[in-house]
Amino acid sequence: MREYTSEEIDQRFALLDKYERRCIIHFLREAETDRVSISDVVSHLQKQDSIADEYDKLAVALHHNHFPQLGMIGVVDYDPRSETVRYGDDDLVEALLESIPETYNSST
């Protein structure tokens, strides 16, 4: 694993602060395809016990909040034109997710 600056470490912790983002990352990591449709991500999030928002509300939150945050440090590549998202490997995010008990990562 490469060495990370304090700022980069803080960014990853802030990124993983939100349950929804951890669920998104897990879902994308386990996806069978390289690119996943936004509708599939929203449907997955709706299945989580603590995320019972309406489809449109979740889609807006993904578009305006979660995907930009995840994309800012390269954890996801979000293409609003095709309405798809792709997971980008990040060693530190992977290590941090592995240190979090599964019950805090997703309900699946």
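Observations, loosely collected:
- Summing charges over neighbours of Glu8, with a neighbour being any other residue whose Cβ is under 10 Å away from its Cβ, gives -2 when K and R count +1 and D and E count -1.
- Listed values [x] 41, 35, 21; [y] 39, 31, 25; [z] 32, 32, 24 include one computed from this model; for Cα extents along the principal axes in Å that value carries the label [y].
- Neighbourhood net charge (15 Å Cβ-Cβ; Lys/Arg +1, Asp/Glu -1) for Leu70: -1
- Charging the Cβ of each Asp and Glu at -1 and of each Lys and Arg at +1, and nothing else, the dipole of the chain about its Cα centre rounds to 220 debye.
- Gained length - Phe13 relative to Met72, 0.36 nm times residue gap less alpha-carbon distance: 19.9 nm
- Qualifying GluC sites (Glu not before Pro) for the range 23-64 [loop in DSSP, other Cβ within 10 Å: at most 14]: Glu32, Glu54
- Virtual paramagnetic centre 7 Å along Cα→Cβ of Glu3, amide N under 17 Å, in the range 72-98: 92
- Helix-only [θ]222 nm of the chain, DSSP H runs n ≥ 4, -39500 (n - 2.57) each, per residue, nearest 500: -14000 deg cm²/dmol
- Listed peptides 17-23, 60-66 appear in the order 17-23, 60-66 once ranked by packing, highest mean of other Cβ atoms within 10 Å at the front.
Taken together, the values in this text are just the output of simple stated rules run on the coordinates, not laboratory data. Everything numeric in this text was worked out from a predicted model, so none of it was measured. Methodologically, a virtual Cβ is constructed for each residue, glycine included, from the backbone with ideal geometry; neighbour enumeration extends over all protein chains shown.
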